[in-house]
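Each remark here refers to the structure printed beneath this line.
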Amino acid sequence: MKDEQQARILRLSIGGMACAGCVGAVEQALKSVPGVTSVTVNFAEHTAEVRGDVSAAELVAAVSAAGYEALELRDAADEAEKAAAEEAHLRGLWRQAMVAGAIGFPLMLAGWLGLMPPLEGAGRVFWWLVAGLSLFVLWYAGGRFFTGAWKAFRNHNANMDTLVALGTGTAWAYSALVLVWPTLVPESARHLYFEAAAIIIALIDLGNALEARARGKTSEAIKRLMRLAPKTARVVREGREQDVPIEEVGIGETLRVRPGEKIPVDGVIIEGSTTVDESMLTGEPMPVKKSVGDEVVGGTLNKAGTFLMQARRVGADTALARIVELVRQAQNAKPAIGRLADRVASVFVPTVLIVAVLTCLAWYNFGPEPRISYMLVTTMSVLIIACPCALGLATPIAVMVGVGKAAEYGILIRNGEALQRASDLDVVVLDKTGTVTEGRPALTALEPAPGYDEPTLLRLAAALEQGSEHPLAEALLDAARERGMALPPLQAFAAVEGAGLRGRAAGHALLLGNHRLLAEHGIDPAELAAAAAGLAEAAQTPLFLAVDGRLAGLLAVSDPIKADACAAIGRLHAEGIRVVLLTGDIRATAEAVARAVGVDEVFAEVLPGEKAEQVAELQAAGHVVGMVGDGINDAPALARADVGFAIGTGTDVAMESADVTLMGGSLHGVADAIAISRATLRNIKQNLFGAFVYNVVGIPLAAGVLYPFGGPLLDPVIAGAAMALSSVTVVSNANRLRLFRPAGHPGARP
């Protein structure tokens, strides 16, 4: 997995894909290129993402050889070119639909009203004019179907273009044959279908235009994120401030940011203070105070003050650029349910062609007179009504909207598997420090043993904590700094997993940790055990200090519970999810926190290496488990869980390792992610159900299975309208997700 993530990633814009069946052809062409390790083709976005040691030129050549068009998407300019091409294509579809409709609808209406002249005499001149107009429609408004069908045929494929070209082309050719040589067919079968061919093309073009317009809305999340990036920055060069394009900002440069401006790149404040709206990053609407030494993120909004900052990350390395890339990758990803749909779609068109041939033979051999007319109508209806587009769009269109909606809430979903699996979670395991609690512990109590005083106790404990990076260490060091203590140098430091620390400072052998650490060194903490128990029951973490083999005292550190933790856990319970607290802290403290927030079960005093084992035990019991942690010290458990949530950091490690990264610090993000996942999966299933039912019912109906029982035959024009509307329905249903709001979320997010 890591090798795949580290492989070079290339994005291509793919042209000429007519339906989901084309996805398989393009994927196969790209996979055949030496050096390619994985390929994902997104039919909804008409793009491909390729990983491997390969050049873009080789990939473009492979796609072209398969009968499609490709363009590498390298930067914003390429994306803009793709967007412009799609806009031009949409305008073309509208024009083609209007021209085809302007010719086809009057002819169809005249036919319904019985105003069409006979084939004999002067009427033939009229019909030759109709033949010419309908041929113009096939060329102008439907030419791409015939071109696409020919390319597919040359590459031994069949797609939606094949079906449309065969259906409308056969209708026009049969009508032309009757017009040129009427005696060739029985008098009862001398029907002309010129207007049907024109109106079918008009309806399909109209459906494609509506679908393309709706598809454009699905990528709104990406577009909004990209618009957050400012175009210019105010740099300080040689003592002068000047505005330059954002592309010209270099690492280490000094930038001026004024009130109301977007922060141009990632960096650190070197002068001044302000408040920053980071809602685009975290989804949290409350501005955050920033001062000298604090990091700021490009694209966030400076609210109150002016400040100078030093650029640390620019271009594609900024957090915003990486978030855009992660969202884009996730939108291209396919959950398992989507891969199933792709496999069905890959055999769909050949199956429809077989059904069309069988329909043709059945009506020709067993149908009533005029059997040739019946044969033509039913075969054409089968070819036209079949719609692999709806089937192919069902999954990717919903994934694109769902992942974009999650990004609006500060949730980065890395892949399609995580999106699908999160909807099945029935157990969520929470790390305590920094997840349920604030992760900013503070010293709350000092209890010296006889022979020691509070300053000595704190000074020695803080000296030992100089070697630790644990949040508890920061609490003791902050307390020592506040009291102005000078700490002695630390020697022979060692961390004892799951127990505490040992080392030497000020000429003493020191131990700091839980009762287990003292017991291992033969030290009895009974003298302060009652005080430790009382502190633990109050949700404070007690730490014993031993000096030269003797108990020296007790320190307590408290990490405040997040204000919204209880409400967020309540939302998980409302979704039928069992919540488990998993921590290395002592049981009494863990249970006190658990009581305060309402979790269902507590695993306490768990060593870091054992957290993954606890997750595995829950999975062995048949549960689908989500693990929520900080993405670094909980990495094994996050990796072991069915879905790993990295919360509240937005660090490089978290963004690269977790299935889901919650850019904010709130547990509401977990509930939001699960709610969005479930809504997206419901939408995918609705789309797939609609697409399958449409084809399962529509194709037999078009073949005329009801006719022998007194039922109607489906008019090819109605088949064309149904085919066009099926894709529009799927895309419109997916776009409903854009209006989704997770139930129970506190307040609306921007």
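Figures for the structure shown
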| read-out | value |
| --- | --- |
| Selected residue (criterion: most open to solvent (accessible area, probe 1.4 Å)) from residues of region 110-121 that are under 15 Å from S134 (Cβ atoms) and assigned to a helix (DSSP H, G or I) | G111 |
| Complete set of residues in region 484-504 that are within 23 Å of N514 (Cβ to Cβ), in contact with a strand residue (DSSP E or B) (Cβ under 8 Å, 6 or more places away or on another chain), assigned to a loop (DSSP other than H, G, I, E, B) and open to solvent by 30 Å² or more (accessible area, probe 1.4 Å) | L487 |
| Matching entry among V54, V41, V60, V50 (being under 20 Å from A152 (Cβ atoms), of a type outside the set (G, A, S) and open to solvent by less than 20 Å² (accessible area, probe 1.4 Å)) | V41 |
| Residues (in contact (Cβ under 8 Å) with a residue 60 or more places away in the chain and over 21 Å from Y374 (Cβ atoms)) located in region 694-720 | Y694, N695 |
| In region 127-164, the residues that are exposed (fewer than 14 other Cβ atoms within 10 Å of the Cβ) and aromatic (F, W, Y) | W128, W139 |
| Subset of region 651-678 [modelled with pLDDT under 90 and of a type in the set (A, V, I, L, M, F, W, C)] | V653, A654, M655, A658, V660, L662, M663, L667 |
| Options Y364, Y374: the member that is touching a helix residue (DSSP H, G or I) at 6+ places or on another chain (Cβ under 8 Å), without any contact (Cβ under 8 Å) to a residue 12 or more places away in the chain and open to solvent by 20 Å² or more (accessible area, probe 1.4 Å) | Y364 |
| Residue ranges of helices (runs of 4 or more DSSP H) in region 311-377 with at least 3 members of a type in the set (A, V, I, L, M, F, W, C), in contact with a strand residue (DSSP E or B) (Cβ under 6 Å, 6 or more places away or on another chain) and closer than 30 Å to V41 by Cβ | 319-332 |
| Selected residue [polar (S, T, N, Q), crowded, with 23+ Cβ neighbours inside 10 Å and touching a Lys or Arg at 6+ places or on another chain (Cβ under 8 Å)] from T306, T318, T300 | T300 |
| Residue within region 718-732 that is within 30 Å of S279 (Cα to Cα) and not in a loop (DSSP other than H, G, I, E, B) present | yes |
| A462 vs. criteria out of contact with any Gly (no Cβ under 9 Å at 6 or more places or on another chain) and in a helix (DSSP H, G or I) | yes |
| Unmet criterion (only one of (1) in contact with an Asp or Glu (Cβ under 9 Å, 6 or more places away or on another chain); (2) open to solvent by 10 Å² or more (accessible area, probe 1.4 Å)) for V401 | (2) |
| Residue count for region 42-81, restricted to those that are on the phi > 0 side of the Ramachandran plot and assigned to a loop (DSSP other than H, G, I, E, B) | 2 |
| Residue within region 428-445 that is part of a helix (DSSP H, G or I), surrounded by fewer than 24 Cβ atoms within 10 Å (Cβ to Cβ) and modelled with pLDDT of 80 or more present | no |
| Looking only at region 277-292, and only at residues there that are over 17 Å from P259 (Cα atoms) and either in contact with a Ser or Thr (Cβ under 6 Å, 6 or more places away or on another chain) or open to solvent by less than 50 Å² (accessible area, probe 1.4 Å) (or both), the one that is modelled with the lowest pLDDT | G283 |
| Filter result for S677 (closer than 30 Å to V357 by Cα, open to solvent by less than 10 Å² (accessible area, probe 1.4 Å) and either among the polar types (S, T, N, Q) or without any contact (Cβ under 8 Å) to a residue 12 or more places away in the chain (or both)) | no |
| One residue from L688, L681, L582, L618 being within 30 Å of A321 (Cα to Cα) and at pLDDT 80 or above | L681 |
| Residue, farthest from F194 (Cα to Cα), within region 712-748, restricted to residues that are β-branched (V, I, T) and more than 17 Å from the chain's Cα centre (by Cα) | V730 |
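Conditions tested, residue by residue: (1) acidic (D, E); (2) under 30 Å from T395 (Cβ atoms); (3) at pLDDT below 85; (4) not in a helix (DSSP H, G or I).
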residue: A176; (1), (2), (3), (4): no, no, no, no
residue: T183; (1), (2), (3), (4): no, no, yes, no
residue: A197; (1), (2), (3), (4): no, no, yes, no
residue: R215; (1), (2), (3), (4): no, yes, yes, no
residue: K223; (1), (2), (3), (4): no, yes, yes, no
residue: R227; (1), (2), (3), (4): no, yes, yes, no
residue: R234; (1), (2), (3), (4): no, no, no, yes
residue: E241; (1), (2), (3), (4): yes, no, no, yes
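The values are calculated or read from the model by the stated rules, or taken from the named source; none is laboratory data. Remember, predicted model here, so these are calculated numbers, not experimental data. Every residue, glycine as well, gets a Cβ built from its backbone with ideal geometry; the counts of neighbours run over all protein chains shown. Just the protein is used for accessible areas: all its heavy atoms, side chains included, with ligands, DNA and RNA removed. Shrake-Rupley method; radii C 1.70, N 1.55, O 1.52, S 1.80 Å.
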